[in-house]
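Working notes for the structure below.
The values are calculated or read from the model by the stated rules, or taken from the named source; none is laboratory data. What you see is a predicted model, and the numbers here were worked out from it, not measured in a lab. Here the Cβ positions follow ideal geometry from the backbone for every residue, glycine too, while neighbour counts run over all protein chains shown. Each accessible area value is taken on the protein alone, full model and side chains, heavy atoms only, with ligands, DNA and RNA left out. Shrake-Rupley method; radii C 1.70, N 1.55, O 1.52, S 1.80 Å.
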Amino acid sequence: PPLLFPHLQNDSWGKQYSHALFKAMSHMLCIGYGQQAPEGMTDVWLTMLSMIVGATCYAMFIGHATALIQSLDSSRRQYQEKYKQVEQYMSFHKLPGDTRQRIHEYYEHRYQGKMFDEENILGELSEPLKEEIINFNCRNLVANMPLFANADPNFVTAMLTKLRFEVFQPGDFIIREGTVGKKMYFIQHGVVSILTKGNKETKLSDGSYFGEICLLTRGRRTASVRADTYCRLYSLSVDNFNEVLEEYPMMRRAFETVAMDRLDRIGEEKPLGSARLPLSMLLRVAAP
């Protein structure tokens with residue numbers, strides 16, 4: 001300290017180290033102390049105390065301001081944190097560039113920059129509120145789908161509460177022919193192609209549904225379905241499908257009517273046990 005403060009060379013060590021501490025803190029905290037440096041010991045210690053208080057208040061201000069800014073859009077921050085993990089995962093496994101790009105595009109279309117724990121949020125609400133929110137979120141699907149537009153509102157609500165939102169990219173095979181079917185799909189937005197072995201191709205778009213045939217016949221997929229555009233779909237599992245239709249048998253008949261028409265257009269026969277029956281009979285035999 002005497003080398004740093006030559007004018008204090010003959011003073012006590014307490015005064016010398018006090019001035020040294022003051023000088024170090026002023027440089028470390030980058031806080032000014034006025035036009036003239038304090039001279040007396042009381043001034044030195046009071047100035048250091050004020051610098052500490054000022055630095056603490058400044059740090060608290062920055063911390064609260066940062067927390068406030070993050071809380072304004074917590075869903076976007078959660079999405080960014082999640083996608084950073086995805087990027088690290090892709091880098092760790094050294095995935096090829098085209099795969100990384102498809103994953104990036106999937107996240108952009110699936111979450112659109114925001115991420116919510118929707119299942120947890122809806123699980124904390126009462127049943128009336130939950131049903132109201134689901135009906136509102138799926139209002140476009142209900143409006144575009146004749147099956148729902150003319151159906152019992154209770155059936156529509158029961159069906160919507162069991163749907164799961166999914167996104168598919170152009171070229172994705174949503175369903176492959178010959179596989180065991182565990183879901184059916186409702187198209188909220190997008191275009192899909194139904195492909196059969198006979199190279200027949202049928203287009204379905206907003207308000208249509210597909211995949212119900214194997215849920216009704218308990219068989220394998222009779223055709224493949226490919227996404228032609230980015231498709232926003234709602235899926236319904238076979239267990240939930242049967243659970244809802246047990247309560248609304250008339251709606252099962254509506255599904256069967258559409259399924260028989262599609263099967264007849266395919267123009268094939270499928271085995272059921274050891275016998276081979278026309279497709280128009282398959283649904284009646286397999287239906288409970």
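Run a plain Debye calculation on the stretch 170-213 (Cα atoms as equal point scatterers, no solvent) and give log10 I(q)/I(0) at q = 0.27 Å⁻¹, rounded to two decimals, same order as the q list.
So the normalised log intensities are -1.21.
With the other protein chains left in place, how much accessible area per residue, in square angstrom, belongs to the stretch 97-143 at a 1.4 angstrom probe?
Details: 3400 Å² over 47 residues.
Value for the stretch 97-143: 72 Å² per residue.
How do 208-214, 112-118 rank on mean C-beta neighbours within 10 Å, highest first? Don't skip to the end; give the middle numbers.
Values: 208-214: 21.9, 112-118: 12.6.
Listed from highest to lowest mean packing, they are 208-214, 112-118.
Rounded to the nearest 0.05, what FRET efficiency do Lys82 and Lys15 have when you use their Cβ-Cβ distance and R0 = 41 Å? Could you put the intermediate results ahead of the total?
On the way: r = 57 Å, r/R0 = 1.39.
Computed FRET efficiency for Lys82 and Lys15 comes out at 0.10.
Over the stretch 57-129, with every protein chain in place, what whole percent of the accessible area is carbon and sulfur at 1.4 Å, could you tell me?
Working: 3300 of 5850 Å².
Carbon plus sulfur share of accessible area: 56 percent.
Dividing the Cα radius of gyration by the Kirkwood radius, what Rg/Rh value follows for the stretch 95-204?
Numbers: Rg = 17.0 Å, Rh = 16.8 Å.
Radius of gyration over Kirkwood radius for the stretch 95-204 works out to 1.01.
Highest mean first, what order results for 147-154, 93-100 on Cβ atoms within 10 Å?
Details: 147-154: 13.5, 93-100: 10.0.
Top to bottom by mean Cβ count within 10 Å: 147-154, 93-100.
Of Lys82/Lys114; Lys84/Lys114; Lys130/Lys162; Lys114/Lys183; Lys162/Lys183, which ones are farther than 21 Å apart at the Cα? Intermediate values should be presented prior to the final figure.
Numbers: Lys82/Lys114 10 Å; Lys84/Lys114 14 Å; Lys130/Lys162 12 Å; Lys114/Lys183 27 Å; Lys162/Lys183 12 Å.
In this structure, Lys114/Lys183 lie more than 21 Å apart at Cα.
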